[in-house]
Amino acid sequence: MMRTRRSSTGMVLVITALSAAATGCGGDGPSGASAPPSSAERTTGPGTYPAPDRLCDLVDFSELATAVAPFASAPQGRETGGDPAVSSGSECKQSLSNGTTVHARAVALCSAWKEIGKAIGAHRHSRETAEVADSSLTDVKGLGNQAYRYVSSEDGPWKADLRLVVRESNLDCEFHTQSGHPMNEQDTDIAFAAMEATAKHLLPKLRP
């Protein structure tokens, strides 16, 4: 169960889906298996998930609101994906604020690949790239077919940038937590737990 202690610093929480070109074919094992694809895992077929749309009707940011700050405004959504024949998805943004010390937002973007192999390849490529740049990368068990998380060291305006990347079947998602202030170990644990809980609640809702 996720702890509900709030961070003492202002955060920006971002939940996004990862799109990257890759090769392969598609079909997966059951949700909850987080090991890399093996010979026992089917990799042919279009996959379980249709392209998600109207994500704001499906995503539940309440875990993040409890962990970080209350909802500050109505969510805003948009459709994504330049080539539906390859992959496409949907995005939803939700502002979070306690009106004083915490100003944050949650953003969910989920994309479905037409072929599972493309999603597998994209996930593998993104993991290898992140592992080279960020030594904090850790595999996450019990979330999708594959998942990992890390604290990004990329240059940018944020003092802390936490990322959780999840693939289930042909669906590929990335979860961000970004803060304008440095985050201590407690803040980091709370943010990662909130992202994982949000992902677990969202994935079943995206199935047809």
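The values are calculated or read from the model by the stated rules, or taken from the named source; none is laboratory data. Treat the numbers as computed from the prediction; the structure is a model and nothing was measured. Here the Cβ positions follow ideal geometry from the backbone for every residue, glycine too, while neighbour counts run over all protein chains shown. Heavy atoms of the whole protein, side chains included, go into the accessibility calculation; ligands, DNA and RNA do not. Shrake-Rupley method; radii C 1.70, N 1.55, O 1.52, S 1.80 Å.
Okay, here's what the table says:
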read-out	value
Derived scalar couplings ³J(HN,Hα) [segment 45-50; Karplus, 6.51 cos²θ - 1.76 cosθ + 1.60; whole Hz; x for Gly, Pro]	x, x, x, 7, 9, x
Net charge of Cβ neighbours under 13 Å - reference GLY81; Lys, Arg +1; Asp, Glu -1	-2
Distant-in-sequence amide H partners of SER169 (H built 1.01 Å from N, under 5 Å)	ASN145
For GLN178, distant residues with modelled amide H under 5 Å away	VAL12, LEU13, VAL14, LEU162
Protection-proxy order for peptides 170-176, 139-145, 128-134, each taking the mean of Cβ atoms within 10 Å per residue, highest first	170-176, 139-145, 128-134
Equivalent-ellipsoid semi-axes of segment 135-208, from the Cα gyration tensor, Å, largest first	23, 12, 11
Global geometry of segment 56-184, whether rounded, prolate or oblate, following the gyration tensor of its Cα atoms and the 1.5 cut on a/c	oblate
Solvent accessible area, Å² - TRP113, 1.4 Å probe, full protein context	10
Extension reserve of the THR129-THR100 stretch, reckoned as 0.36 nm per residue once the Cα distance is removed	6.7 nm
